[in-house]
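Here is the structure we will look at, set down as structure tokens.
The values are calculated or read from the model by the stated rules, or taken from the named source; none is laboratory data. All values derive from a computational prediction rather than experimental measurement. All Cβ positions, even for glycine, are placed from backbone atoms using ideal geometry, and neighbour counts span all protein chains on display. Protein only, heavy atoms only, side chains kept; ligands, DNA and RNA dropped before computing areas. Shrake-Rupley method; radii C 1.70, N 1.55, O 1.52, S 1.80 Å.
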Amino acid sequence: MEESIKMYFTYLRIAIQLNNLPLYAPSSRIGMTKIILVTGPARSGKSEWAETIATGLGKQVIYVATGRVDEADFEWQSRIEQHRSRRPDSWTTLEVPIDLPAVIRSACASDCLLIDSIGTWTANILEKEQTVWEQMQQDAIASLKSAVADVILVAEETGWGVVPAYSSGRLFRDRLGTLVRQIGAISDTVYLVTGGHALNLSAIGTPLPAKN
């Protein structure tokens, strides 16, 4: 019983401390540039949380949409319109289905890039050979490390369910999972959005050892 009471108050102290945490951690990079990763399952509200963070940074927001517009796909168009309707008129929107690193490198210190989403970007280049994919992945990580703008990235969680029945589905899951892990390793703050809540994983979690 005494041990349970001690554990309860330990969790209580942690909860009190977390309530006073800022939306993002101070950056360790030169110029205080921030990299923030927001990840979560479908319809979890991850994009809305990323938009909330972007608004709070007080910079010129450049919304980087990785999805391709397909007017023949009405359901996909509806999703795109939902995202568009939430964006303030002061935000700039860029449609970048492939060349994310170039956009990241060209952004200024006064900018905040909101990239939505990493899963769609991965799907856009899924047909690339493994060696090409690995090079594009490394280029994306390198561009984030050298970014002078704040960068918020939205990513999907796809590996929590059953193993996909098709090879393309397994390839997508594996590539996206690997990339999200690499982005999380260099991010100042990582959020998991699920069940109507945004969890600051950087505050309550322990970083995994770096992969060789």
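Computed values, structure above
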read-out	value
Cβ pairs under 8 Å, 6+ apart, first in region 54-81 and on the phi > 0 side of the Ramachandran plot, second surrounded by 12 or more Cβ atoms within 10 Å (Cβ to Cβ) and at pLDDT below 95	none
Residue list for region 176-190, filter: out of contact with any Lys or Arg (no Cβ under 8 Å at 6 or more places or on another chain) and assigned to a strand (DSSP E or B)	Val190
Boolean, Leu192 is surrounded by 16 or more Cβ atoms within 10 Å (Cβ to Cβ), more than 19 Å from Ile115 (Cα to Cα) and modelled with pLDDT of 95 or more	no
Qualifying residue in region 107-122 (condition: without any contact (Cβ under 8 Å) to a residue 24 or more places away in the chain, open to solvent by 60 Å² or more (accessible area, probe 1.4 Å) and not charged (D, E, K, R))	no
Scan of region 130-174 for residues that are of a type in the set (Lys, Arg) and over 18 Å from Gly119 (Cβ atoms), ordered by number	Lys145
Selection from region 108-137 of residues that are touching a Leu at 6+ places or on another chain (Cβ under 7 Å) and closer than 21 Å to Ile35 by Cβ	Cys112, Ile115, Ile118, Gly119, Trp121, Thr122, Gln137
Scope region 123-146; condition open to solvent by 10 Å² or more (accessible area, probe 1.4 Å) and hydrophobic (A, V, I, L, M, F, W, C); matching residues	Ala123, Leu126, Val132, Met136, Ala140, Ile141, Ala142
Lone unmet requirement of (1) within 15 Å of Ile98 (Cβ to Cβ); (2) open to solvent by 50 Å² or more (accessible area, probe 1.4 Å); (3) under 12 Å from the mean Cα position of the chain (by Cα); (4) not acidic (Asp, Glu) for Gln182	(1)
Total residues in region 160-175, condition surrounded by 13 or more Cβ atoms within 10 Å (Cβ to Cβ) and in a loop (DSSP other than H, G, I, E, B)	1
Meets criteria (touching a Leu at 6+ places or on another chain (Cβ under 8 Å), in contact (Cβ under 8 Å) with a residue 12 or more places away in the chain and in a loop (DSSP other than H, G, I, E, B)) for Leu153	no
